[in-house]
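Working notes for the structure below.
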């Protein structure tokens, strides 16, 4: 049985302004290669990661409307019948160091959700300028994780404290820390990857506070299931595999995506795994010169029916060269 998808995400040609004019169902338009401080509309989300390859595409999210837009403190939002997209861009020249800026961003996010009709975050994207700058615990990603933990203020215990998430580094010259999210009125089903140590259980070697996110979250609305996949890299257990081998790292990432999908189906009582032609992949690439090899690997190992784009961005560990996230529509 076919069900109308709650979130309809696609890559489209044309200007952001053109897609923002499609007001009935457009929840968000993501434009790559621009600072998030340049947002012109609550539904317009510039992302400071350069798209690699042609043609230039916009990522367009649609959902059942009408769409309501507005702002809350430093957060802009657009709200459909069942889903909300919110985005925060904090100018680091004004908000202070990374730890404090991260704490502030997550305080704003959580305060907004507490009064929203869609209180449950399903996926969070974090784009962090100069993510690998600094040594040891002063590395900006570790400082970001500290600030996020300051805001969340809970012991993860046996459950993930936050849903699926991606953290990627934008240029060190980008002035803004960016956090955006998708939320719903009911919680998603958080899923862990059996091949990987849960992020919040990482050993101390990765920082004073472990990353707080789930490996994936399943959105279940309108009789459909959609899998929001966290940023997935070449990590098995908690260790990086295939250092300095970008194609092998991407292959390992895809194995992790497949493992995550299998676990999600198991939790839903269905052992079969299907990839439909509806869905999207984002592939993050540290070194632009690796684009051709990564594209060849994706063409050989990922379903051709799933559109993908390639973005230049640094991965949270310096020895990781690529990462993938996406939205996959599941069939049963």
Looking at segment 8-330, what % of its DSSP beta bridges pair antiparallel, to the nearest 5?
80 percent
Calculated on alpha-carbon atoms, Rg and Dmax of the chain in Å
18.2, 53
Considering only C-alpha atoms, what is the centroid distance from segment 234-265 to segment 1-80, in Å?
29 Å
Calculate, in nm to one decimal, what residue 119 and residue 243 gain on full extension: separation in residues at 0.36 nm each, minus their alpha carbon distance.
40.7 nm
Roughly speaking, what is the stretch gain from residue 23 to residue 54, that is 0.36 nm per residue apart minus the C-alpha to C-alpha distance, in nm to one decimal?
8.5 nm
Gaussian network model of the chain, Cα within-10 Å springs - most flexible of 217, 166, 69
69
Spacing of the two label points (7 Å from each Cα toward its C-beta) at residue 91 and residue 300, in nm
4.8 nm
Determine the gain in length on full extension of the stretch residue 150-residue 173; use 0.36 nm per residue of separation and subtract their C-alpha separation, reporting nm with one decimal.
5.7 nm
Counting helices only, and only those DSSP H runs with n ≥ 4, report the 222 nm mean residue ellipticity of the chain as the sum of -39,500 (n - 2.57) divided by its residues, in deg cm²/dmol to the nearest 500.
-7000 deg cm²/dmol
Using a Förster distance of 25 Å, how high is the FRET efficiency between residue 267 and residue 236, based on the Cβ-Cβ distance and rounded to 0.05?
0.75
Along Cα→Cβ, 7 Å out, is where each label goes; now give me the distance between the ones at residue 69 and residue 41 in nm to one decimal.
0.5 nm
Can you sort 281, 144, 227 from fewest to most other Cβ atoms within 10 Å of each residue's own Cβ?
281, 227, 144
Global geometry of segment 195-265, whether rounded, prolate or oblate, following the gyration tensor of its Cα atoms and the 1.5 cut on a/c
oblate
Rounded if a/c under 1.5, otherwise prolate or oblate - segment 1-116, Cα gyration tensor axes
oblate
If R0 is 25 Å, what FRET efficiency do you get for residue 135 and residue 107 from their C-beta distance, rounded to 0.05?
0.35
Using a Förster radius of 22 Å, what is the FRET efficiency between residue 318 and residue 204 based on their Cβ-Cβ separation? Nearest 0.05, please.
0.80
Could you let me know the centre-to-centre spacing of segment 163-209 and segment 111-136, using Cα atoms, in angstrom?
8 Å
What ranking do 146, 320 get, fewest neighbouring Cβ atoms within 10 angstrom at the top?
146, 320
For segment 164-321: rounded, prolate or oblate by the Cα gyration tensor [a/c cutoff 1.5]
rounded
Where does each of 200, 61 land when they are ranked from fewest to most other beta-carbon atoms within 10 angstrom?
200, 61
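A short reminder: the numbers here are calculations on the coordinates, not readings from a lab. Keep in mind it's a predicted model, so treat the numbers as computed, not measured. Ideal geometry is used to build each Cβ from the backbone, glycine not excepted, and the neighbour counts take in all protein chains shown.
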